[in-house]
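See below for the structure under consideration.
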Amino acid sequence: MLKYLHLSANILFLFLIAQTASAQTISVEGSITSLYLSDCSDCNSSADPRIKAHVSTTIKPWSSEYKREQDNVGCGGGLNTNPGNYVQSGVATSENWWVQIRGYEDDSFICGGDDGVCDSYSGLQTDLNILGNFAPACFGSYSTGSAQRNCTSGGSQTYTAIWRFRYHWDAGSLNNANAAGTITAPATTTLCSGSDPANISGNSLLSNRFNFRQWQVSVNGGPYTSIGGATGQSYDPPTQIVSSTTTYTYRRRLDYCINYGGGIVSVYSNTVTFTFIPPPTLGTLSNAGPINFCDASGNFGTALTVSGQTGTVVWDWGSNNGVWNNNWIVSNSSGTCCFPKKTSNSDGNADRIRYRVTNSPCSEVTSGTILIVNRYNEAPNSVTSSSNAYCSNSAPATITLTATFPANINMNGTVRFYSGSCGGTLVGTVTPAATSS
C-alpha cells in the first residue's frame, strides 16, 4: 500500500519601495528565472517535488496568477528559460515588492520515506529597500537575488527561487517640488572679495533614487552652467575675487532614469545666492595738501572731494597736536566748515584732515594725513620802538621794533616790519612769536 505525504512551503520576500512624495511612481519588471531544491536523496530515479513561485507588488493567492512552476525539479535542477516577466507601470513608491515560493513533495514509502511536513515557518524572510539598495535600470540591467525556504521537519530540504527585477521612474510623476530635494545656505552669504564661503548643505535623499547629481552656478543672473566635479550631496563654493559687486547663485540638479535605454528627466532644487563685495579703495583726492588758504573765519572755500573710490567716504579732522576727533562724517566731500580759523592754534602748525572709505563687509581703508594751513594775515595789536627820536647829526642808532599779536593765532609765515609814511619800505623780517622784535 502506498502512502503519500503532501508537503507545502510558502516563502515571502519583501522589498519595500519607500518614498515620502506619494506623487512619484515607478514602472517595475520582475521574474523568477530558476527554481530548484537542495537535496536529491529521495527518489533519485524520479525527482520530486513541484515548486512554483511568483513575483509582484502585491501578495497573490496561489489560486491566481503565478509566474513559474516546475515539477520534478530534482537536486540542483531548475528552470532557466522563459522567465515569465511581471510588468506593472505607475507603481506607487509606497507599495511593496514580493517574492513568493511554494513547494509540494509527494514521496512513497518505498522512495525515501516520509520527509515530514515543512510548515514550521512564519513571517517574512528578507526586507530590502529597493530605492536604498538598488539603482534604477537606466541601461536595462537587472538586479538579481535568491529567495529560499528551508524544511527541517523530518529531514533537511531547501527550496530556492532565483529572482530578478528592474525599475525606472515614471517621467510624468517627477517635478522639482517632489524629487529635487532642498539645499540650505550657510549663515553668511554676503562676503568680501577673496573670502571663503561656507558649505551649501544638501538634504539626504535615499541613495540611488536618481541616476546623476550635478551642481550648477549662475553669475549675476546669467544662464546656469555645470560645475566640473561637483556631484556630491552638498557643495563647498570657491572663493571669488571681484572688482565689482557680483552674485553667484547655486542649485543642484538631479537626473532620474525614466526608461531602460538611458533616458532621464532633470529636476532642480531651490537656489542659494552669495554676494561678493569688492574691497574699498581710496580713489583720487582733489587736493593732496598741504592746503593753504587765507580766511579770517577759517572757511578755506573749496571743499576737498574724492572721486573713483569704491565704497562710502567719511571724513575726520584733528588739531596740530596729533589728536584726531574720530567723529567721522559721511560725505563724498569734506565740506567747507570746521577747519582752522586764524585763532585755532598758538604754535603756527597746520591742522589736519583725513578720510576713510568703507564697503561692508570688507575692511575699511583710511587715507594719510592732509595738512591744512590758514594763511590769513593778522595785524599786531601794537608796535613799539626802543627809541622814538634820535639826533640827525649823530651816528646811526640801533632801534628795536617790537610787534605784539593777539593770543592763539596761527603763527604761520613771517612778521614783516616796514618804514615810511605809508609803510611802503620793508626794513626787516623775523620769525613770528607772540612778541616779535
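The values are calculated or read from the model by the stated rules, or taken from the named source; none is laboratory data. Just so you know, these numbers come straight off a predicted model, no measurement behind them. Every residue, glycine as well, gets a Cβ built from its backbone with ideal geometry; the counts of neighbours run over all protein chains shown.
Quick look at the values:
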item: The listed residue being farther than 18 Å from A185 by Cα and touching a helix residue (DSSP H, G or I) at 6+ places or on another chain (Cβ under 9 Å), out of G229, G263, G222; result: G263
item: Some residue of segment 364-382 being touching a Phe, Trp or Tyr at 6+ places or on another chain (Cβ under 8 Å), modelled with pLDDT of 70 or more, under 30 Å from L191 (Cβ atoms) and not in a loop (DSSP other than H, G, I, E, B); result: yes
item: Residue, surrounded by the most Cβ atoms within 10 Å (Cβ to Cβ), within segment 198-229, restricted to residues that are closer than 10 Å to R253 by Cβ and under 13 Å from the mean Cα position of the chain (by Cα); result: W215
item: Contacts under 6 angstrom Cβ, first residue in segment 251-279 being in contact (Cβ under 8 Å) with a residue 60 or more places away in the chain and within 16 Å of A179 (Cβ to Cβ), partner aromatic (F, W, Y) and part of a loop (DSSP other than H, G, I, E, B), 6 or more apart; result: L254/F210; Y256/F210
item: Subset of segment 230-259 (residues that are closer than 30 Å to Y167 by Cβ, modelled with pLDDT of 95 or more and aromatic (F, W, Y)); result: Y235
item: Test: residue in segment 338-357 that is assigned to a strand (DSSP E or B), at pLDDT below 90 and touching a Lys or Arg at 6+ places or on another chain (Cβ under 9 Å); result: no
item: Count of segment 294-324 residues which are modelled with pLDDT under 80 and over 14 Å from T366 (Cα atoms); result: 16
